Each structure stands twice: as structure tokens, then as C-alpha cells.
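The values are calculated or read from the model by the stated rules, or taken from the named source; none is laboratory data. All values reported here derive from a predicted model rather than from experimental measurement. Positions of Cβ are generated from backbone atoms using ideal geometry, with glycine treated the same way; all protein chains shown enter the neighbour counts.
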Amino acid sequence: MELKFSPEDEHFRKEIADWLAEHLVGEFAAIRFRGGPGDEHMYPEERKAWEQELAAGGWTCIGWPEAFGGRGASIEQQVIFHEEYARAGGPGRMGHIGETLTGPTLIAFGSDEQRERFLPGIRAGTRFWCQGYSEPSAGSDLANVKTKAVFDEASQRWLISGQKVWTSLAHESDHCFVIARTDPDSVGHRGLGFFLLDMDQPGITVRPIEQMTGTSEFNEVFFDEAHCGAGDIVGAPGDGWKVAMGLLGFERGVSTLGQQMLFQNELDDIIREAKRNGAAKDPVIRQRIADAHVGLKIMRYNSMRTLSGNADDGSLQPEAMIYKLYWSTWHRNLGKLAMDVLGPEAEICAAPPYELSRLQSLFLFSRADTIYGGTNQVQRNIIAERALNMPREPRG
């Protein structure tokens, strides 16, 4: 796909760039370039207020159909939005899970009642979501979830019991979508349901997971007969795997171009530091910087190729299946490059609370990139089995 921008698209680019320059000031100046991966714990209230600022300007959910409160923006315009947002230093989106995952999933698979109840709060930047997928025994192997969902005939409610882990910003969220097993005798991807839960209820306990930096941006979440209504399951019992896979397809959508602009910002920081401290004189460092630049371009071109074939139901094209493996490995290597440019002294910090630079935070957080969201080993299996149609790995 050769993505070309029309004069109308370039007018749209100027519109969003001008709006960001006008609004990322004053009370919002402090959150520029903040709140991204590894920094998600910072300024949560200010970033929630920013979501409402975006909504007031008509800049949330721009890719949603107009019928659901969006702008119906084209793929090209969505790419432009994410690029200009990252270029301007727009903060990490508190509404990311709702806007790019929950919303498109409900538009594709949800009921009219679910859309009417949940989409307006996402669009307005007033209701925030987290993701209940991973469990202690089901990280990359999502089909191994043990959390149970039992329908109580007397109360006409689903009762959810179990545990989720690595739940980003659960402590800041109003709702959670949860994968749970509706058929206790089922195994693998069969017998699962996709549920929509309110977080503010007695049956849910959120416990922060403290990192080596002393901060906590993700959590363990415990469900003890937490409840949701009979109409709060997306699709039918047993459809959970189909809905979950559709959601992951939306995760590989246009926001990946914004992610790559964040990567470009990090690479630019590394280049500036290499020039400042003389590391750029090292031919090996220069070659590694060049390799990082080339890798980022490849990432962009493959994303554009993927976007050209995206489906409305989130189903993944073969090109999309390599994305997680590629960017996570590239980004981990970028973090190592950052530390090598900074020099050995960057590995030494005083006692907590640590005052880490952006490049130090990049290094620490990027170590997890090849694990969360599906480990590299699992991603290779997905590529082999689903994209290349090779024989499945033997299962015990």
C-alpha cells in the first residue's frame, strides 16, 4: 500500500496540528510527552481531564462511524491524527483501551443496548476501561483462562470469580472487559464469554504490582462473584474467543502508526544525546542508529500494508501477524542502544524514588515488550500456524 495524502488530508493535518499547539499549553503543558509505556502512572487526573478536552474538540474516536459519535475519518486521516498527536507530544491516552479496543469491539459485536450504554462515555472522555485477559496461568496462552462465569437464574446476573493480572490502570478504570469460562467442562478457546463489568463493586479487589522503580501502573484484579447483568455479555456464551480475537485485531489498527511516531521521538532523543556526549563518533553506535532508523521505516511500511486489508470485524491479515514480534524486538534493542549511548553511569541511580530520564525508562520498560501482549515465542507459533499454515505445534 502506498499511502498518499490528498489536499483535504493535508488540511486535516494542519487542523489537528494547530489544535494541539493551541491546547497542549497552560494546565496541560506538564503532561506533554508523559504517560506513555513505563510512565502510565504519571498525571492520571490531568490526563483524564485532557481526554475531556480532546472530546470537546471532537478529537476522540475519530475513526468510529458518525452514527456512534465518531467522525468517520478515513484511514489516511486516522494515520495523520496519530502521527501529529505523537509529534506534538500528546500524553499517553487514558481512554486508549476504551477508544481503540472496547468501542470498536462493541460496534462490531455488541448489542444496540450495549452500544447506547457504553459508547457515549468513551466518546466524552468520562468513562475509562481496562482489559481483563491475562491470568497467572494464562499469559500469552489466553485460551487457558480459569476465571469462571456462572449465570444466576434468581438474580438474572452473571457472577464472575477468578483472577486477572498485569491489568494496566485497573485502579483508574470505571469498567473492565473480562474473558471468563462459561462452560466449566470446556477447554481451550471453547466455552468462553466476553463480559462487561463495572469496577466499582464489592466483588472486585484491585492490588497494585510494584515495579523495581517503586511505581505501579498495572495490577492484580480479583473477582469474588463480581456481577454484571444478563445483557452484559458480548455475543452469546461460547463466543468469547471470537470476540477476543476480533478485539486483538483492532489493537493492530491505525494506532500502530502513532506508536511508531513515539518510537521516532525516542530515536530522535537518542540521536541528540549521541551528538551531545560524543557517542555519535563511535562507528558502531552510528551503525546501530542507522539500523534502528531502517527498522522503523520497515515497521511503517508493513503497517500501511496491513491497514490496506483491515477488516471491520478485526480479523487479522497475515501481514498483521508479524507486527508484535517485529516491533517488540526492535524496541527492546532500541532501549539497549539508549543505554549504550548514555554510557555506564546511566546504570547508577540513587535510592527510591528514582528520577529516571526518558531514555532510562525506555530501557527498563522495553525489557517487557517481548513478553506482554503475547511472548515472542507464542508470536512465532502464530505466524507459523495461522499465517504460513504450517503444522500445529504438538500439544500434550
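Taking the range 178-229, which residues are of a type in the set (D, E, K, R) and at negative phi? Result: 181, 183, 185, 190, 198, 200, 207, 210, 217, 220, 224. Taking the range 157-187 as the range and being hydroxyl-bearing (Ser, Thr, Tyr) and closer than 19 Å to residue 247 by Cβ as the test, the residues that pass are 167, 168, 173, 182. Considering only residues that are over 16 Å from the mean Cα position of the chain (by Cα) and either among the β-branched types (Val, Ile, Thr) or over 16 Å from residue 53 (Cα atoms) (or both), which ones fall in the range 84-94? Answer for the range 84-94, where residues must be over 16 Å from the mean Cα position of the chain (by Cα) and either among the β-branched types (Val, Ile, Thr) or over 16 Å from residue 53 (Cα atoms) (or both): 84, 87. If residue 45 meets every condition in (1) in contact (Cβ under 8 Å) with a residue 12 or more places away in the chain; (2) among the acidic types (Asp, Glu); (3) more than 20 Å from residue 259 (Cβ to Cβ) apart from one, which number is that one? Result: residue 45 passes all but (1).
When you go through 66, 40, 51 one by one, which is the residue that is buried (at least 18 other Cβ atoms within 10 Å of the Cβ), closer than 22 Å to residue 106 by Cα and acidic (Asp, Glu)? Break it down stepwise before answering.
Working: 66 fails: buried (at least 18 other Cβ atoms within 10 Å of the Cβ); 40 fails: closer than 22 Å to residue 106 by Cα.
Within the list 66, 40, 51, the selection yields 51.
Evaluating residue 151 against the criteria (1) surrounded by fewer than 16 Cβ atoms within 10 Å (Cβ to Cβ); (2) at pLDDT 95 or above; (3) not in a strand (DSSP E or B) leaves one unmet condition, (3). Per the listing 173, 168, the residue uniquely under 30 Å from residue 347 (Cα atoms), not basic (Lys, Arg) and not assigned by TED's automatic domain parsing to the domain that holds residue 65 is 168. Of 107, 80, 31, which residue is among the hydrophobic types (A, V, I, L, M, F, W, C) and more than 30 Å from residue 365 (Cα to Cα)? Criteria check complete, one pass: 107. The residues of the range 374-387 that are free of Cβ contacts under 8 Å to residues at least 12 places away in the same chain and of a type in the set (A, V, I, L, M, F, W, C) amount to a single one, 384. Would the range 181-188 turn up any residue that is in contact (Cβ under 8 Å) with a residue 12 or more places away in the chain, of a type outside the set (Val, Ile, Thr), touching a Gly at 6+ places or on another chain (Cβ under 7 Å) and buried (at least 19 other Cβ atoms within 10 Å of the Cβ)? Checked against the condition, which is being in contact (Cβ under 8 Å) with a residue 12 or more places away in the chain, of a type outside the set (Val, Ile, Thr), touching a Gly at 6+ places or on another chain (Cβ under 7 Å) and buried (at least 19 other Cβ atoms within 10 Å of the Cβ), the range 181-188 yields at least one hit.
Is there a residue in the range 295-305 that is in contact with a helix residue (DSSP H, G or I) (Cβ under 6 Å, 6 or more places away or on another chain), closer than 30 Å to residue 192 by Cα and either modelled with pLDDT of 95 or more or surrounded by fewer than 22 Cβ atoms within 10 Å (Cβ to Cβ) (or both)? No. Can you confirm whether the range 11-25 contains a residue that is β-branched (Val, Ile, Thr) and more than 19 Å from the chain's Cα centre (by Cα)? Within the range 11-25, one or more residues are β-branched (Val, Ile, Thr) and more than 19 Å from the chain's Cα centre (by Cα). Scanning the range 179-186 turns up one or more residues that are in contact with a helix residue (DSSP H, G or I) (Cβ under 8 Å, 6 or more places away or on another chain), in a loop (DSSP other than H, G, I, E, B) and modelled with pLDDT of 95 or more. For the range 3-24, filtered to residues that are of a type in the set (A, V, I, L, M) and surrounded by 15 or more Cβ atoms within 10 Å (Cβ to Cβ), the residue that is farthest from residue 51 (Cα to Cα) is 3. Any residue that is touching a Cys at 6+ places or on another chain (Cβ under 6 Å), buried (at least 20 other Cβ atoms within 10 Å of the Cβ) and either under 25 Å from residue 50 (Cα atoms) or aliphatic (A, V, I, L, M) (or both) - is there at least one of those in the range 112-129? Taking every residue of the range 112-129 in turn, at least one turns out to be touching a Cys at 6+ places or on another chain (Cβ under 6 Å), buried (at least 20 other Cβ atoms within 10 Å of the Cβ) and either under 25 Å from residue 50 (Cα atoms) or aliphatic (A, V, I, L, M) (or both).
Taken over the range 340-365, the criterion of being buried (at least 18 other Cβ atoms within 10 Å of the Cβ) and without any contact (Cβ under 8 Å) to a residue 60 or more places away in the chain is satisfied by 360, 363.
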